[in-house]
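In what follows, a single structure is set out as structure tokens and then discussed.
The values are calculated or read from the model by the stated rules, or taken from the named source; none is laboratory data. Source: prediction; values computed, not measured. Please note: Cβ atoms are built from the backbone with ideal geometry, for glycine as well, and neighbour counts cover all protein chains shown. Calculation scope for accessible area: heavy atoms of the full protein, side chains included, ligands and nucleic acids excluded. Shrake-Rupley method; radii C 1.70, N 1.55, O 1.52, S 1.80 Å.
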Amino acid sequence: MLTVEGLTYRHAGATRPSLRDVDLVLGDGEVVGVVGANESGKTTLCLVLAGLAPRIVGGTLTGRVLIDDVDATSLRMHELPALVGIGFDDPSTQLSGVAATVFEEVAFGPANLGVPREELIDRTAGALQALAIGHLAERDPARLSGGQQQLVAIASILALRPRHVVLDEPTAQLDPSGTALVGDALERLAGQGVSILVVEHKTDLLARVASRVVVLDGGKVVLDGPAREVLANPALVDLGVAPPSEVRLQRALVAAGLDPAVLEGARA
């Protein structure tokens, strides 16, 4: 379980906090989506949960982050990646730059943690398979497309086998096919008991994989509830978030004087 209690965080040099009095709990096997307008605190929340803020990026933090009931401040930096894996929207910030092949890139993290050879191979192959990119294993990471690099970066996180995964717009550079692969992987991970927090602008993806959705506004949690309810909340648009396509279609049908139940009939 990943728990945030009374979290307030201000970046170094900032005049106001980026996060204010945030309380959040991610249960085992739960996928929680986070949405909000630009500069609402989404990326900052990811940095704090992964232990990068304030330790690496500086700033001031009050409140607590508990990783499986252990205060994150009591953990050493090298212990955190095996507990909380983090992925960003730009894969170039995560690829090592020293691996000659995708297989070596994905194996880089667990190898540095001293994982035994046989387990290392198993973890790497499993991560590649989870994202259906085994065919890229012998390719040079530097010669992949942006979307392919993003999938490799996510596979590198999975190879660490963290209990918790934090993803900041992981499908930003992916086409619908790549986005679907990430969605498949998240569902499998959740089925294995991994708790996942995913920041996304693609609310269609969150409607598919998230059990809960949290909305941030000005660094505060303003909505938190079942994904279906939050993503259909009329206030979402005013908070700078586009509803999923199904919600928009239902509203268009209502505006045209049609019964939105026809959507259910179409699915059947």
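At-a-glance table
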item: Net dipole in debye of the range 184-237 [+1 Lys, Arg Cβ; -1 Asp, Glu Cβ; about Cα centre; nearest 20]; result: 60 debye
item: Exposure rank, largest accessible area first [HIS201, HIS135; 1.4 Å]; result: HIS135, HIS201
item: The range 167-249 - percent of accessible surface contributed by carbon and sulfur, probe 1.4 Å; result: 54 percent
item: Percentage relative contact order, the range 43-179, counting C-alpha pairs under 8 Å, at least six apart; result: 33 percent
item: Separation of alpha-carbon centers, the range 198-244 and the range 154-188, rounded to whole Å; result: 19 Å
item: Solvent-accessible area per residue for the chain (1.4 angstrom probe, square angstrom); result: 47 Å²
item: Whole-percent carbon and sulfur share, accessible surface of the range 13-113, 1.4 Å; result: 52 percent
item: Selected from GLN148, VAL199, PRO162, residue furthest toward positive end of dipole (the range 144-268; charges at beta carbon); result: PRO162
item: Nitroxide proxy distance, nm - points 7 Å out along Cα→Cβ at GLU229 and ARG248; result: 2.5 nm
item: The chain, relative contact order [Cα under 8 Å, separation at least 6], %; result: 25 percent
item: In Å², nearest 10: area of SER18 left accessible to a 1.4 Å probe; result: 30 Å²
item: Over the range 87-140, relative contact order from alpha-carbon pairs under 8 Å, at least 6 apart, %; result: 41 percent
item: Only Lys, Arg (+1) and Asp, Glu (-1) charged, at Cβ; the chain dipole about Cα centre in debye; result: 320 debye
